Amino acid sequence: MKLASLRGGRDGRLVVVSNDLAWFTDASHIAPTLQHALDHWWRMEPDLRGLAESLEHGAVPKERFHEHAAASPLPRAYQWADGSAYVNHVELVRKARGAEMPESFWTDPLMYQGGSDGFLGPRDPIPLADEAWGGDMEAEIAVITGDVPQGASREEALAAIRLVLLCNDVSLRNLIPNELAKGFGFFQAKPASAFSPVAVTPDSLPGWKDGRLSGKLEVELNGKPLGEADAGVDMTFDFGTLIAHAAKTRSLSAGTIIGSGTVSNRGPDGGPGKPVSQGGVGYSCLAELRTVETLLEGAAKTPFLKHGDVVRIEMRDAKRHTIFGAIEQEVRPA
């Protein structure tokens, strides 16, 4: 089942989208918003699934689905917490700022709590007030949970996953070192994130298994391939582990979004990998590419995002059909 929120009001209007993302039908008679559906999931999920089946059979009124009309599936959320499941990414970006990586990072997930009071839509511009801040995209997988009790096990956490979606976790790289040096975490360095037009139930994803989603996460910058890392490879911590980590000392409310962190694959030799242009799977953010350039060539050559740059993030199935729709954003002055 695929769900989306069309623009309208702060929380959008819930619709069910066809598997091929060509059509939608209104779901407001079941739940006015996705958050409302998540709050009452056990009662409303069967009706939403029935509506999705009727849409596939042409048995309900339908309209063309346009990704530009979609807000984030949750235009705002009670909680947005982003992990770092791909430790290869953590290792690379820490090298870029000269920070050693503790051995515990391989066994204990990193996580930060981001701003969730307003997300960018999948086709909204990325506002960048100052190019000197070092704007960067971070292509990720994310999940939306139901209620998760404090102290939930990994298995309980996996059972609480309601929907899967893509994320662009926008980062301001040049603001990060000074913020982290204060010992109190990210804030200014992490502006609003964007999510895919559509969120999908795990059972509708052939690549979903044991809290991981396999498949190439395609990242383009200005129409050129930047990355095509497989999200199911080199994921040190699955989503069950990430959710259980978040719930160690607090309960999570329905509608909590948990991110995987930047999807990142090692090279066949165990190293940082090569750009797509050199036969590698590339990178899901510019920071990784710049780190590799520094390691191999002595200096970073690729600039961070500039006004006018266009970022695109998408995942396709085996037949090259889009699964979640595309995040496509132009960087503009704030």
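Just so it is clear, none of the values below were taken in a lab; they were calculated from the coordinates. None of these values were measured; they are calculated from a predicted model. Here Cβ is always computed from backbone atoms with ideal geometry, including for glycine, and neighbour counts include all displayed protein chains.
Overall form of region 1-70: oblate. Here a/c, set by the Cα gyration tensor axes a ≥ b ≥ c, is 1.5 or more, and a/b is not larger than b/c. Karplus-derived 3J(HN,Hα) values for region 283-294, using 6.51 cos²θ - 1.76 cosθ + 1.60 with θ = phi - 60°, are 9, 9, 7, 6, 4, 5, 4, 5, 5, 4, 4, 5 Hz; glycine and proline are entered as x.
Dipole check for region 18-104: with +1 at the C-beta of Lys and Arg, -1 at the C-beta of Asp and Glu, and the Cα centre as origin, the magnitude is about 260 Debye. Convex hull volume of the Cα atoms of region 109-152, normalised per residue: 151 Å³.
Sketch the reach of a paramagnetic label on residue 104 as a point 7 Å from Cα along Cα-to-Cβ, and name the residues of region 151-182 whose backbone nitrogen lies under 19 Å away. The answer is 180-182, whose backbone nitrogens lie closer than 19 Å to the label point. Annotation: lysines with alpha-carbon distance below 18 angstrom to residue 62 (same-chain offsets under eight excluded): 2. Annotation: amide H-H contacts under 5 Å for residue 147 (H modelled 1.01 Å from N, sequence separation of 5 or more, or interchain): 254. Result for the chain in a Gaussian network model with C-alpha springs under 10 Å: among 101, 315, 111, the largest mean-square fluctuation is at 101. Listed values for region 40-57 are Karplus-derived 3J(HN,Hα) couplings in whole Hz (6.51 cos²θ - 1.76 cosθ + 1.60, θ = phi - 60°), namely 10, 4, 5, 8, 9, 4, x, 5, 5, 5, x, 5, 4, 5, 5, 5, 5, 8, and x replaces Gly and Pro.
Output the 0 to 90 degree angle, nearest 10, between the alpha-carbon long axis of helix 87-96 and the longest principal axis computed from the alpha carbons of the chain. Between helix and principal axis, roughly 40 degrees. With the simple model of a label 7 Å out from the Cα in the direction of the Cβ, residue 182 to residue 301 spans 3.7 nm. Sorting the Cα pairs of region 200-334 by distance into bins of 10 Å, from 0 upward, gives 11, 35, 34, 18, 2 percent per bin.
Taken about its Cα centre, the chain carries a charge dipole of roughly 320 debye when the Cβ of each Lys and Arg holds +1 and the Cβ of each Asp and Glu holds -1. Only Cα pairs under 8 Å and 6+ residues apart enter the sum, and on that basis the relative contact order of the chain stands at 23 percent.
Relative contact order of region 108-190: what whole-number percent is it, with Cα pairs under 8 angstrom and at least 6 residues apart?
Numbers: 90 pairs, mean separation 26.6, N = 83.
Answer for region 108-190 is 32 percent.
Find, to one decimal place in angstroms, the Kirkwood hydrodynamic radius of region 293-334, where the mean of 1/r is taken over every pair of different Cα atoms and then inverted.
13.1 Å
Using a/c under 1.5 as the rounded threshold, could you call region 153-200 rounded, prolate or oblate? The axes a ≥ b ≥ c are square roots of the C-alpha gyration tensor eigenvalues, and prolate needs a/b larger than b/c, oblate otherwise. The shape class here is oblate. Set the Cα radius of gyration of region 121-268 against 2.2 N^0.38 Å, with N its number of residues, and you get 1.10. FRET efficiency for the pair residue 147 and residue 209, taken as 1/(1 + (r/R0)^6) with r the Cβ-Cβ distance and R0 = 30 Å, rounds to 0.80.
What is region 92-178 by shape, rounded, prolate or oblate, if you read a ≥ b ≥ c off the alpha carbon gyration tensor as root eigenvalues and call it rounded for a/c under 1.5, prolate for a/b larger than b/c, and oblate otherwise?
Details: a/c = 2.65, a/b = 1.27, b/c = 2.09.
Since a/c reaches 1.5 but b/c is at least a/b, the shape of region 92-178 is classed as oblate.
Take each peptide in 286-296, 198-208, count the other Cβ atoms within 10 Å of every residue, and average; sorted highest first, the result is 286-296, 198-208.
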